[in-house]
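Right, one structure below, let's go through it.
The values are calculated or read from the model by the stated rules, or taken from the named source; none is laboratory data. All values derive from a computational prediction rather than experimental measurement. Positions of Cβ are backbone-derived with ideal geometry, glycine not excepted, and every protein chain shown enters the neighbour counts. The accessibility values were calculated without ligands, DNA or RNA, using every heavy atom of the protein model including side chains. Shrake-Rupley method; radii C 1.70, N 1.55, O 1.52, S 1.80 Å.
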Amino acid sequence: QVQLVESGGGLVQAGGSLRLSCAASGSIFSISTMAWYRQPPGKQRELVARITSGGSVNYADSVKDRFTISRDDAKTTVSLQMNSLKPEDTAVYYCNVVNRWYTPYWGQGTQVTVSS
């Protein structure tokens, strides 16, 4: 079955960088979009970045010019390079994959903590 495994979370100081990766495995039938969401403490889950099968990307305004999402279809992975991290970026980050039949898959989440 489909499994998404996130990695790369951790503790970093403000201004630092972190790279999250999500590896998908199992019977995903034609991945459409891949995305990263995050849920800060006490807040709702929000979209951070999304990348389509065609390579189009969109970012939350709060992370534009700091985060970069990328995908490797051969490896069925999606990554999020996070630079110039701020304390407000602290959240649990979730990998999301949607196939062409709009079936969503979620990772277990990885904690990112940015200290000031």
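Would you check which residues across the range 66-85 are polar (S, T, N, Q) and open to solvent by less than 50 Å² (accessible area, probe 1.4 Å) and list them? First the steps, then the outcome.
The first filter runs over the range 66-85 and keeps only residues polar (S, T, N, Q), leaving 68, 70, 76-77, 79, 81, 83-84.
Scanning the range 66-85 gives SER70, THR76, THR77, SER79, GLN81.
Look through the range 32-54, keep the residues that are of a type in the set (Lys, Arg) and in a loop (DSSP other than H, G, I, E, B), and return whichever of them is most open to solvent (accessible area, probe 1.4 Å). Outline the logic, then answer.
Step one: of the range 32-54, the residues of a type in the set (Lys, Arg) are 38, 43, 45, 50.
So of that shortlist, the ones also in a loop (DSSP other than H, G, I, E, B) come out as 43, 45.
Values: LYS43: 136, ARG45: 100 Å².
Of everything passing the filter in the range 32-54, LYS43 is most open to solvent (accessible area, probe 1.4 Å).
Would you confirm whether any residue within the range 87-97 is of a type in the set (Phe, Trp, Tyr) and either modelled with pLDDT under 95 or more than 19 Å from ALA23 (Cα to Cα) (or both)?
Scanning the range 87-97, I find no residue that is of a type in the set (Phe, Trp, Tyr) and either modelled with pLDDT under 95 or more than 19 Å from ALA23 (Cα to Cα) (or both), so the answer is no.
Within the range 9-53, track down each residue that is among the β-branched types (Val, Ile, Thr) and more than 19 Å from LYS64 (Cβ to Cβ).
VAL12, ILE28, ILE31
Of all residues in the range 1-31 being in a strand (DSSP E or B) and open to solvent by 50 Å² or more (accessible area, probe 1.4 Å), which is modelled with the lowest pLDDT?
Only one residue fits best here, namely SER25.
What number goes with the only condition from (1) crowded, with 19+ Cβ neighbours inside 10 Å; (2) in a strand (DSSP E or B); (3) modelled with pLDDT of 95 or more that ASN58 does not pass?
Only one criterion is unmet by ASN58, namely (1).
Check VAL92, VAL98, VAL63 and return the single one that is buried (at least 16 other Cβ atoms within 10 Å of the Cβ), in contact (Cβ under 8 Å) with a residue 12 or more places away in the chain and in a loop (DSSP other than H, G, I, E, B).
VAL63 is the lone residue from the list that is buried (at least 16 other Cβ atoms within 10 Å of the Cβ), in contact (Cβ under 8 Å) with a residue 12 or more places away in the chain and in a loop (DSSP other than H, G, I, E, B).
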